[in-house]
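Here the structure comes first, spelled out in structure tokens, and everything after it is commentary.
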Amino acid sequence: AAEGGHKAVVELLLKTGKVNVDSKDRYGRTPLSRAVEGGHKAVVELLLETGKVEVDSKDSNGRTPLSWAVEGGHKAVVELLLET
């Protein structure tokens, strides 16, 4: 849901309290990392607002969400991450 930018679905999942917002896929990527890569600012905001995400989490290639945002040219998302 985070990767696709589906804000309403992410919001619903977060409200259940049954999801690990820092879960990692087989590449070591978190929902934050996936949302950032797609430039999905609204989803990034939701995830950051939980206060439970590791903003500087590294994936299996040593990349952080910030590096994905910078590479994608997602200025608003870069600003959000830098403010955290």
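The values are calculated or read from the model by the stated rules, or taken from the named source; none is laboratory data. All of these numbers come straight from a predicted model, not from anything done at the bench. A quick note on method: Cβ atoms are made from the backbone with ideal geometry, for glycine too, and the neighbour counts reach across all protein chains shown.
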I need the full set of residues from segment 16-32 which are charged (D, E, K, R) and either within 13 Å of the chain's Cα centre (by Cα) or more than 21 Å from residue 54 (Cβ to Cβ) (or both), in order please. 22, 24, 25, 29
If I filter segment 71-78 for residues that are at pLDDT 95 or above, of a type in the set (Gly, Ala, Ser) and in a loop (DSSP other than H, G, I, E, B), do I get at least one hit? yes
Give all pairs with beta carbons closer than 6 Å in which a residue from segment 60-84 that is surrounded by fewer than 18 Cβ atoms within 10 Å (Cβ to Cβ) meets a residue that is outside any helix (DSSP H, G or I); count only pairs at least 6 apart in sequence or on separate chains. 60/27; 60/28; 72/39; 84/55
Mind listing just one residue for me: the one in segment 1-19 that is assigned to a helix (DSSP H, G or I) and not aliphatic (A, V, I, L, M) and, of those, farthest from residue 44 (Cα to Cα)? 16
Every residue from segment 21-66 that is within 15 Å of residue 5 (Cβ to Cβ) and in contact with a Gly (Cβ under 8 Å, 6 or more places away or on another chain): 35, 36, 37, 38, 39, 40, 42, 43
For segment 31-45, does any single residue satisfy the condition of being without any contact (Cβ under 8 Å) to a residue 24 or more places away in the chain and among the aliphatic types (A, V, I, L, M)? no
What are the residues in segment 25-39 that are in a loop (DSSP other than H, G, I, E, B), surrounded by 16 or more Cβ atoms within 10 Å (Cβ to Cβ) and not β-branched (Val, Ile, Thr), if any? 29, 38, 39
Tally the residues that are of a type in the set (Gly, Ala, Ser) and part of a loop (DSSP other than H, G, I, E, B), restricting the search to segment 40-70. 4
